[in-house]
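Written below as structure tokens is the structure these notes are about.
Read-outs throughout are calculated quantities, based only on the coordinates presented, and are distinct from any laboratory measurement. Since the model is a prediction, treat every value here as computed from it, not as a measurement. Because the Cβ atoms are built from the backbone with ideal geometry, glycine has one as well, and the counts that use them run over all protein chains shown.
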Amino acid sequence: MCLGVPGKILSIEPNPLGMIMGKVSFGGVAKEVCLAYTPEARVGDYVIAHAGFALNTLDEQEAQEVFALLAEMQAAELSAELASGDGSGAEPTPQ
């Protein structure tokens, strides 16, 4: 299974080898991503990235829907952790 994560393109420029690269923000964390598979992508666009490559573009509404789903998943996971123990994710220490 692979996970593609949406991010917003902050800047685009070629690298020394001539590949088109973009600085992409993933929830405030900026990473360099290869845009070779998405030549239509522009600054301000959202892309789905996996393993350092943008695989496709998506509009802002689609990106926001993915962000909402990820937040729901995180909240559900936290809720399950709290229901099962202390919510720290750490194994209880034997007494």
Which of A83, G18, A41, positive extreme of dipole for the range 5-84 (C-beta unit charges): G18
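Would you mind getting me the FRET efficiency between M73 and L17? Use the beta-carbon distance for r and R0 = 25 Å, nearest 0.05. Don't skip to the answer; put the middle values down first.
Details: r = 37 Å, r/R0 = 1.47.
Efficiency, from the Cβ-Cβ distance: 0.10.
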P(r) histogram, all alpha-carbon pairs of the range 1-43 included - 10 Å bins from 0, percent: 29, 54, 16, 1
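Working from the pairwise distances between different alpha carbons, so that the mean of 1/r is found and then inverted, what is the chain's Kirkwood radius in Å? Working shown, then result.
Values: mean 1/r = 0.0662 Å⁻¹.
The answer is 15.1 Å.
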With everything on Cα atoms, drop me the angle between helix 60-84 and the longest principal axis of the chain, reported from 0 to 90° to the nearest 10. 20
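What is the magnitude of the charge dipole of the range 5-84 about its Cα centre, with +1 placed on the Cβ of each Lys and Arg, -1 on the Cβ of each Asp and Glu, and no other charges, expressed in debye to the nearest 20? Don't skip to the end; give the middle numbers.
Details: 4 positive and 11 negative charges, 69 e Å.
Here the size comes out at about 340 debye.
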Take every DSSP beta bridge with both residues inside the range 5-84 and express the antiparallel ones as a percent of the total, to the nearest 5. 95
